[in-house]
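S.K.: One structure, pasted below without further comment.
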Amino acid sequence: MSPAQPDPAQLSHDILAAIRLLEGHGYVVQATHQTDALPPSVVPLQPVCDAVRSMYGVTHDQLRGDGQQDHLIRARTLLAVAARRRGISNSRIGRAINRDRSTVADMIGKAEKRLGDRLDLLVEHVEKLAAGVSDAP
């Protein structure tokens, strides 16, 4: 006797609920199409958020808020760039900072044009902080 096949609609609902739960805890679920149906990879966003908040001395609410002060804009932009380089989608980044995906894409594009190689150094610093490396500059 073979086990009963799961209901595809229920399975889809359960997977979506699990993804939302993970995202609510600062994780990003990034699925890729693969023929062997490997589970989606989970990319943490929270360490990047924490690192940027620490660097700029801002709160979670300030990152998500409407404030347009220079330090808030720089913090959101650096968070977006660092998260994108981790493979996190613009849509997910946007949800984390309360912006839409096109705004995130514009932020990243402008930062890359304006800062060039200096942006790489900033992202490297964020990654060190996110990883808990104590010798970050």
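The values are calculated or read from the model by the stated rules, or taken from the named source; none is laboratory data. Everything numeric in this text was worked out from a predicted model, so none of it was measured. Here Cβ is always computed from backbone atoms with ideal geometry, including for glycine, and neighbour counts include all displayed protein chains.
S.K.: Quick one: is V28 outside any loop (DSSP other than H, G, I, E, B), modelled with pLDDT of 80 or more and either under 13 Å from the mean Cα position of the chain (by Cα) or closer than 19 Å to R92 by Cβ (or both)?
M.R.: Working: outside any loop (DSSP other than H, G, I, E, B): yes; modelled with pLDDT of 80 or more: no; either under 13 Å from the mean Cα position of the chain (by Cα) or closer than 19 Å to R92 by Cβ (or both): yes.
Here the answer is no, as V28 does not meet what is asked.
S.K.: Right, D106: modelled with pLDDT of 95 or more and charged (D, E, K, R) or not? Lay out the reasoning, then the answer.
M.R.: Numbers: modelled with pLDDT of 95 or more: yes; charged (D, E, K, R): yes.
It is true that D106 is modelled with pLDDT of 95 or more and charged (D, E, K, R).
S.K.: What residue, among those in region 54-98 that are touching a residue at least 60 places away in the same chain (Cβ under 8 Å) and of a type in the set (K, R), is nearest to V28 (Cα to Cα)?
M.R.: Only one residue fits best here, namely R92.
S.K.: Does region 72-106 hold any residues that are in a helix (DSSP H, G or I) and either of a type in the set (S, T, Y) or in contact with a Lys or Arg (Cβ under 7 Å, 6 or more places away or on another chain) (or both), and which are they? Give the derivation first.
M.R.: Filtering region 72-106 down to residues in a helix (DSSP H, G or I) leaves 72-85, 90-97, 101-106.
Result: T77, N90, S91, I93, G94, I97, S102, T103.
S.K.: Still on this structure, please answer the following. For region 62-96, give me the residue count where each residue is β-branched (V, I, T) and either at pLDDT below 95 or more than 22 Å from E23 (Cβ to Cβ) (or both). Walk me through how you get there before you give the answer.
M.R.: Of all residues in region 62-96, those β-branched (V, I, T) come to 73, 77, 81, 88, 93.
Pick out the ones that are also either at pLDDT below 95 or more than 22 Å from E23 (Cβ to Cβ) (or both) and you get 73, 88, 93.
Here the count works out to 3.
S.K.: Only one of these is at pLDDT 90 or above, surrounded by fewer than 18 Cβ atoms within 10 Å (Cβ to Cβ) and under 21 Å from G24 (Cα atoms): R101, R118. Name it.
M.R.: R101
S.K.: While we're looking at this one, here's another question. All but one of (1) in a helix (DSSP H, G or I); (2) over 13 Å from the mean Cα position of the chain (by Cα); (3) hydrophobic (A, V, I, L, M, F, W, C); (4) modelled with pLDDT of 95 or more hold for L129; which doesn't?
M.R.: Against the list (1) in a helix (DSSP H, G or I); (2) over 13 Å from the mean Cα position of the chain (by Cα); (3) hydrophobic (A, V, I, L, M, F, W, C); (4) modelled with pLDDT of 95 or more, L129 comes up short only on (4).
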